[in-house]
């Protein structure tokens, strides 16, 4: 066999292997005393996917609690301090000692069943980096068109207001900031309203990636059909989706809670991961990958 043919066969093998790998995925199963939830993790959030699979294979999550549960919102777990937590012990600050870089993708949002990363708040965590292990699964609620519009406007106002504050407190914008303060002291609402309305251009000079917030048509449709927690979009990384066991989320969310929204009776998790062909995942769980639709 000559060298050229050998090289061709090696390259063909690599290409074939890669193609076969893309036809496989990982299935995450979270077992609880309320039933099992099955999830897939997104390729488009590779750091979160790889980290979660790594922790599952290490059995990091086994016997941890869903330590924070809020009905019509979400169920949260993954704090290693919860494994041997005493009754009434405050939880939510534990982790593996590292964070995961935010991986926001507008394709993925907080519809019911969204598998998302918890994190510290913006003041302590301006880059919105994710907890190394804590995650939450969205329950949320269904929204009407009017509610979605009102929520969209509220989110846009709050995020624009925060972005504008960030800009005005930069040294080079001290003069503009002083003008705004003076107008506030004078009670000149008309000027302030006009300034705020036109502030997108000023914000984008500093924050090149800033865009006025708006829900996509896909988001609006899902929030009306299955529900979710739309106010979290763009602030927390969504890195997967529950594809079986949405009723289990409802059961856990409905339990009696004590201080800190901790369930009165412990809800423990045992998590496994299995590599499976995408065709088998679709057949077994009824989930359709985008490329299969």
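A short reminder: the numbers here are calculations on the coordinates, not readings from a lab. None of the values given here were measured: they were computed from a predicted structure. Cβ sites come from the backbone with ideal geometry, for glycine too, and all protein chains shown count toward neighbours.
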*Would you mind ranking 225, 71, 172 so that the residue whose beta carbon has the fewest other beta carbons within 10 Å leads the list?*
172, 225, 71
*Taking only Cα atoms and a 10 Å spring cutoff, compute GNM fluctuations for the chain and point out the largest among 152, 72, 174.*
174
*Among 219, 150, 185, which one moves the most in a GNM of the chain with springs linking Cα atoms closer than 10 Å?*
185
*asked:* If each residue of separation counts as 0.36 nm, what is the full-extension length gain between residue 179 and residue 142 once their alpha-carbon separation is subtracted?
replied: 9.0 nm
*Just grab the label-to-label distance for residue 207 and residue 254, each label 7 Å out from Cα along the Cβ direction, in nm (one decimal).*
4.0 nm
*Is it possible to state the helix-based mean residue ellipticity at 222 nm for the chain, with each DSSP H run of 4+ residues giving -39500 (n - 2.57), the sum divided by total residues, to the nearest 500 deg cm²/dmol? What is it?*
-11500 deg cm²/dmol
*Inter-site label distance for residue 98 and residue 272 at 7 Å from Cα along Cβ, in nm*: 2.7 nm
*At R0 = 51 Å, FRET efficiency that the Cβ-Cβ distance of residue 59 and residue 186 yields, to 0.05*: 0.20
*asked:* If you build the convex hull over the alpha carbons only and average its shadow over all orientations, what do you get for the chain? Give it in nm² to one decimal.
replied: 21.9 nm²
*Under the classification rounded if a/c is under 1.5, otherwise prolate if a/b is larger than b/c and oblate if not, where does the stretch 61-189 fall, given a ≥ b ≥ c as square roots of the Cα gyration tensor eigenvalues?*
prolate
*Relative pair counts by distance (%), Cα atoms of the stretch 146-206, 5 Å bins*: 3, 17, 24, 25, 16, 8, 4, 2, 0
*Could you state the per residue volume, in Å³, of the convex hull enclosing the Cα atoms of the stretch 174-241?*
153 Å³
*Take the chain, connect every pair of alpha-carbon atoms lying under 10 Å apart with a spring to form a Gaussian network, then pick out the residue of 69, 87, 255 with the largest mean-square fluctuation.*
87
*Estimate the FRET efficiency between residue 156 and residue 22 by the formula 1/(1 + (r/R0)^6), using the beta-carbon distance for r and 41 Å for R0, to the nearest 0.05.*
0.65
*Net length gained if the chain between residue 169 and residue 288 were fully extended (0.36 nm per residue, minus Cα distance)*: 38.1 nm
